[in-house]
Each structure stands twice: as structure tokens, then as C-alpha cells.
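The values are calculated or read from the model by the stated rules, or taken from the named source; none is laboratory data. Only a predicted model underlies this, so the values are computations on that prediction, with no experimental measurement involved. Positions of Cβ are generated from backbone atoms using ideal geometry, with glycine treated the same way; all protein chains shown enter the neighbour counts.
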Amino acid sequence: MSHSIIICLVSVAAIAGVILRPFRLPEAIWAVAGALLLVILRTIVPRDALSGVAKGTDVYLFLLGMMVLAEVAREEKLFDWLALQAVRHAGDSPQRLFGLIYLVGIAVTVLLSNDATAVVLTPAVAAAVKAAKVTRPLPYLLICAFIANAASFVLPISNPANLVIYGSQMPALLEWLPRYILPSVLSIVVTYLLLYRTQRKALGLLARDPRAEPSPSTGLLASPSSHNASLLVSAAPSRVLSPNGRIAAMGLGVTAIVLLTASALDWQLGLPTAITGILTATLVLIKAKKNPLIILRGISWSVLPLVAGLFVIVEAINKTGVVRAISALLQQTAARSPARAAWASGIGVAFFSNLANNLPSGLIASDVVRNAHVPEIIRNAILIGVDLGPNLSVTGSLATILWLVALRREGQTVSAWNFFKLGLLIMTPALIAALAALWW
């Protein structure tokens, strides 16, 4: 059996393991096992494997900084406070609460990355709507999944996949914003409108019979009458943000400023993120006189070997000639029609990300674009596809997988099929609108 076939088989098995988690083993185990097996079978030499791991240095530092910041904010109840403020300001309006939580989700995704929205905001929203005695919490929890991807290309820091696609060629902030601000706005707005439309009955905004069955369109729209679904906000506690919570909030603000400055100066984002995250955590721990192990134990360290394993797998895939073949095809298509190549690339990688997860899809797409030397608008379309495409399925991105895990901890379940039906209704129009905005 040739090395190329072995690489393809091992890579497919490893990525399938990451997505499906057989035997309920963590995602990282499958990625690392696949990478090690490729080395053991001598389909990739150790030197090249280490080179693949090293390519992810900036991503590891970025993830580390963001995970530290998110854990500090979670420990100091910052996200709980934000969610409760949304409940308090919603009054007795489910519609207003839906919109306010969506706005909080945008802010967290843009400034903390989509993984933070999935991991930290989801349980905070669950706690807030429970305190408000919301009878149907799922529509509010769905916000955390969809906005995590829909708002993930507002800034370079909003999604680790952005760092993967651009690597050391990350555009400065003043170049990034003109490219992606309008597609981001359309992505966020279209996602909101369609998500709200599919969930409005469950929010109690339309009178329905209490015995109504789930809607055939998504399976998620069953609802009681508007009286039964109204919010009892008076039951929600009025919580004041602690001094340490305010420090965590200031740390997030400083981090955002530092990263925006670094992006404007065309610096890599990993090291500034790690430094500001660690400094914020240190300041909060010293003031609160807490053991650092509280923060360290809460961080999902398995994310780092997961990403490293995927980098090695993609490094091996590069040796099969698949990337060169796709690059040649993309180059030929772009020579005939850049617009057609951009549309095909954006839509293609969006749907492929749901089969192979968007992180390895982004890694492969980055190498394809680098080899093809195509117009920049094609890379822009690919980034939108990699970031927004995962809203189609529960396995499309690491953020959505983490959201599903958080959801189960809250006693809520969404089947893969029901999420797919909902995602097809929401992601497809949002993707088309975002891609079309590249030409405006």
C-alpha cells in the first residue's frame, strides 16, 4: 500500500474520531493518535512532524491566552453577570431577552473568540434563563452556537481558524476591517433574523395551543401559549459584579486594545494574547488570594494537543499531492473567472468543514491558497466559508462541539439531524449574503 493511501486512511480515521468521539474518548486523543500513527508507519518523518507542530505556535499561544482569560472571567462570574443583566433589562419580553443575549454573544465572540462563547457563555445563559423561569430555554442556548460562528470573522482574534488560514501573513487590522466588516454585519444580521424566525413560537411570541407538536421544519419549535412562555423576571437575582469581576472585565478590555493594536501594526497575535491573559489572571489571583490551580484546572488543556495533532495530519496530507492537485484546479478556475473561483471555494469549504471539521479544513485551504497564488478575494471567500460554514452541523467546528458538550451538562439535547435542518435554513442564506458582500 502506498504512503499516500495510508496517509489518507489514517487522516480520515483521525478526523472522524475527533468529530464522532468513539468510546467517548476526548477529541485530542484521536488527533494525537493519528499523528503518532503516521510517524510510526513512516509516512512522515519525525522532523516534518515537528515542523508541522511548530507551524501552530502562534495558534497555541493565542488559544492559551484566550482560555486563561475566559477561565478567569468564568471564575469571577463575569459571564453570569452579563447574562443576568440581559434578563434584567428584558423585562417580561422574550423577544427583548433573545436580542440582548444575542448582543452579549456578539461581544464575547468578537473579543474573546468563538470557543469562549461556546464554553463559557452557554452555561451562563442557561443559569440566567433558569433564574428567569423561562419555560423553553433552548432558543436562547441556540444563540450561543450560531453567533459563535456567525460573528467569528469580525476581527482576526474572533476565531483561531483565522490565524490558521493566514498564518504569518495575517493582514493588519486596517486591511482586515474593509474586507470583512460588511460580510460580518450581514452574517450576524441574517443569522439573527432567521434564528429568531425559527424560534419565535418557542419564545411565546405567537399564540399556540399548549398541545402543539414540534414544527416539521426543525423539530425545535414546539411551544406553549404565550402566557406560559412569558418571563418571570422578578425571580431573577440582581447580582452586582464583584471587584475581581471588574478586574477581569478590564483585563478583557485591555486585551482587546492590545490585540487591535498588534493587528494594526501587523504583528502576530499569539504572544500578546498569552501575555495579557496571564497578566490578567495573575492580577485577579493576587487580589483575590486564590490558588492558581483553580484557573489551571478549569482550562481545557486538551485543545492544544488536539490542534497540534491536526497540524501534523495536515502536514502529512500535503505530501500526498492532494493539495497540489486542488491548488492547480483552483489556479485554473481563478484564471478563467476569479468570481466563480471565489464563490466555489467559499461554498465548497463551508460544506466540507462540516465533514472534516473547520480547523483541518482551514489548514488544508491555507496551503491550497498559498500554493495557488490566487487573487486575495478567493482567500477572503475561503475564510468566510471556514468560519460561517460550521453553522450547518454540530460537528462543523470545535466551538459547536464544545457547545454541544456544555448543552448536555445543562440537561438539554439537540439531535444532529434537527440541528442540521435548522442550520441549513440559517447558514445557507447567511453564507450567500456574506460572500456577496465581498464585491460591494
Do we find a residue being outside any helix (DSSP H, G or I) and over 21 Å from the mean Cα position of the chain (by Cα) anywhere in the range 64-76?
-> yes
State whether the residues of the range 205-228 include one that is part of a loop (DSSP other than H, G, I, E, B), under 17 Å from L100 (Cα atoms), at pLDDT below 85 and not charged (D, E, K, R).
-> yes
Can you tell which of R42, R47 is part of a helix (DSSP H, G or I) and either charged (D, E, K, R) or within 26 Å of Q268 (Cα to Cα) (or both)?
-> R47
Being of a type in the set (S, T, Y), in contact with a Gly (Cβ under 8 Å, 6 or more places away or on another chain) and closer than 24 Å to W417 by Cβ is the filter here, so list the residues in the range 362-396 that pass it.
-> S393
Out of the range 259-278, which residues are in a helix (DSSP H, G or I) and over 18 Å from Y60 (Cβ atoms)?
-> L260, T261, S263, A264
Under 6 Å by Cβ, and 6 or more places apart or on different chains, what pairs join a residue from the range 339-355 that is part of a helix (DSSP H, G or I) with one that is of a type in the set (K, R) and surrounded by fewer than 24 Cβ atoms within 10 Å (Cβ to Cβ)?
-> none
Only one of (1) within 30 Å of V32 (Cα to Cα); (2) within 20 Å of the chain's Cα centre (by Cα); (3) in a helix (DSSP H, G or I) does not apply to W301, and that is (3)
Going through the range 373-430 in order, the residues found to be charged (D, E, K, R) and more than 29 Å from A127 (Cα to Cα) are E376, R379
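Taking the range 340-360, which residues are among the aliphatic types (A, V, I, L, M) and modelled with pLDDT under 95?
Once the filter is applied, which keeps residues that are among the aliphatic types (A, V, I, L, M) and modelled with pLDDT under 95, the range 340-360 yields L355, A356, L359.
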Tell me the helices (runs of 4 or more DSSP H) entirely within the range 361-440 that contain at least 2 residues that are at pLDDT below 95, buried (at least 24 other Cβ atoms within 10 Å of the Cβ) and on the phi < 0 side of the Ramachandran plot.
-> 398-409
State whether the residues of the range 21-37 include one that is farther than 30 Å from I257 by Cα, without any contact (Cβ under 8 Å) to a residue 40 or more places away in the chain and in a loop (DSSP other than H, G, I, E, B).
-> yes
